């Protein structure tokens, strides 16, 4: 496991900020690329002084936002048929799209914020937003806040824990629980304000 983690850290180091942007862009599109692979090692490199912490976070958020906007316009431009035609090459089928549309209809535009903190959903929530032609300003705002929270959590995790893999595994569970609580609180606040 140490060798794998070390190889990933070296890969991030070699590609630098552009690599972070590309990996986070891919993570926010159809491509099933885990954001943890990009942001935790980047945080660790910032801890070692080999990258700038603020730049790592900004580039990570920009990559996530760019990927989300790509999915949004893809859905808006090509519709359901286009998404399903393209998605079949990346293991994205009609069942997954139906789930995303149901989630979006149930939770509204605010879901573009909360879903950014939920693994397996955050990559695809921009598609129903694009299909529904959600206004761009709230889409960008909610997406940036949600993606920003996730990027900051992962980057700081790598920064404060450093290279100790056991501590990362231990704290990741606590982080996930904290994220779920944050989603619940944000959703309750949203429901209360929009009654």
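For region 112-128, state whether one or more residues are surrounded by 24 or more Cβ atoms within 10 Å (Cβ to Cβ), closer than 22 Å to residue 83 by Cα, more than 13 Å from the chain's Cα centre (by Cα) and at pLDDT below 90.
The answer is yes, given that some residue of region 112-128 is surrounded by 24 or more Cβ atoms within 10 Å (Cβ to Cβ), closer than 22 Å to residue 83 by Cα, more than 13 Å from the chain's Cα centre (by Cα) and at pLDDT below 90.
If I filter region 1-21 down to residues being crowded, with 17+ Cβ neighbours inside 10 Å and at pLDDT 85 or above, which single residue comes out as farthest from residue 67 (Cα to Cα)?
Looking at residues that are crowded, with 17+ Cβ neighbours inside 10 Å and at pLDDT 85 or above, I get 17.
Of all residues in region 28-39, which are at pLDDT below 85 and in a helix (DSSP H, G or I)?
If the condition is that a residue be at pLDDT below 85 and in a helix (DSSP H, G or I), then 35, 36, 37, 38 are the ones that fit.
The values are calculated or read from the model by the stated rules, or taken from the named source; none is laboratory data. Since the structure is predicted, the reported quantities are computational estimates derived from the model, not experimental observations. Here the Cβ is made from the backbone with ideal geometry for all residues, glycine too, and neighbour counts use every protein chain on show.
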